[in-house]
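A short worksheet on the structure shown next.
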Amino acid sequence: QRLKRAQKAKPRPPTKFRHAVPDGERGGKIFVQLAQTDLMRGAVQVVKPGEGDNNLHTHTGMDGFWMVLKGRVRFYGPGDEVLGEFGPHEGIMMPRNNAYWFAAVGDEDLEILQVSAYDRDVKNERVNLEPEKWEIGATRWHEGKLA
């Protein structure tokens, strides 16, 4: 069934993008949306030291690929177990339903590439396992798409 649907699907045009931190947008947390389809999304999160993905949570239908572009990040699991600390060109693959959170560490702003893949057969929901540590709605969103 899926194969037949995929064979009949009209191809979408490619999406061009560029990551750049918008002028005057340093500090706090910035989410630069690069490109997205129904199966995957690419984005860069820019995070000031001490902030990050602020509470232990899981995703029910999304796998995450994280790679540091600049700065350093520490990923945590349940009980604040350190899953790893990563610098430029290092990262972690986070399969769905794994509990995690992360924080920028060091003195430099973190720029981390996030590639998310979605399971079409599972509704993706973020499940918070702990209360938020700071206001998640304070994230500023920007488009990185090129015309």
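The values are calculated or read from the model by the stated rules, or taken from the named source; none is laboratory data. Note that the coordinates shown come from a computational prediction; the quantities given were computed from them, not determined experimentally. Glycine gets a Cβ as well: all are built from the backbone with ideal geometry, and neighbour counts include every protein chain shown. Side chains included, ligands, DNA and RNA excluded: accessible areas come from the protein's heavy atoms. Shrake-Rupley method; radii C 1.70, N 1.55, O 1.52, S 1.80 Å.
What about residue 71, is it out of contact with any helix residue (DSSP H, G or I) (no Cβ under 7 Å at 6 or more places or on another chain), closer than 15 Å to residue 100 by Cβ and of a type in the set (Gly, Ala, Ser)?
In short, no.
Could you tell me whether any residue of the range 35-54 is free of Cβ contacts under 8 Å to residues at least 40 places away in the same chain and of a type in the set (Val, Ile, Thr)?
yes
Are any residues in the range 121-143 at pLDDT below 90, part of a loop (DSSP other than H, G, I, E, B) and either surrounded by 11 or more Cβ atoms within 10 Å (Cβ to Cβ) or among the basic types (Lys, Arg) (or both), and if so, which ones?
Across the range 121-143, the qualifying residues are 130, 132, 133, 134, 139.
Evaluate the following for residue 80: is it closer than 27 Å to residue 17 by Cβ and either touching a helix residue (DSSP H, G or I) at 6+ places or on another chain (Cβ under 6 Å) or at pLDDT 90 or above (or both)?
Judged against the criteria, residue 80 is not a match.
For the range 62-85, how many residues are in contact with a Ser or Thr (Cβ under 6 Å, 6 or more places away or on another chain) and among the aliphatic types (A, V, I, L, M)?
Of the residues in the range 62-85, 1 are in contact with a Ser or Thr (Cβ under 6 Å, 6 or more places away or on another chain) and among the aliphatic types (A, V, I, L, M).
Condition check: touching a helix residue (DSSP H, G or I) at 6+ places or on another chain (Cβ under 9 Å) and at pLDDT 95 or above. Does residue 117 satisfy that?
So residue 117 fails the test.
Hey, can you tell me all the residues within the range 29-56 that are small (Gly, Ala, Ser) and either at pLDDT 85 or above or loosely packed, with under 15 Cβ neighbours inside 10 Å (or both)?
The answer is 35, 42, 43, 50.
List the pairs whose first member sits in the range 1-26 and is open to solvent by 100 Å² or more (accessible area, probe 1.4 Å), whose second member is outside any loop (DSSP other than H, G, I, E, B) and at pLDDT below 80, and whose Cβ atoms are under 8 Å apart, counting only residues at least 6 apart or on separate chains?
So the pair list comes out as 16/145; 17/145.
Within the range 57-82, restricting attention to residues that are more than 17 Å from residue 112 (Cβ to Cβ) and either touching a residue at least 60 places away in the same chain (Cβ under 8 Å) or aromatic (Phe, Trp, Tyr) (or both), which residue is least open to solvent (accessible area, probe 1.4 Å)?
My answer is 61.
Mind listing whichever residues of the range 96-119 are in a loop (DSSP other than H, G, I, E, B), under 25 Å from residue 35 (Cβ atoms) and either β-branched (Val, Ile, Thr) or touching a Lys or Arg at 6+ places or on another chain (Cβ under 8 Å) (or both)?
109, 119 - these are the residues of the range 96-119 that are in a loop (DSSP other than H, G, I, E, B), under 25 Å from residue 35 (Cβ atoms) and either β-branched (Val, Ile, Thr) or touching a Lys or Arg at 6+ places or on another chain (Cβ under 8 Å) (or both).
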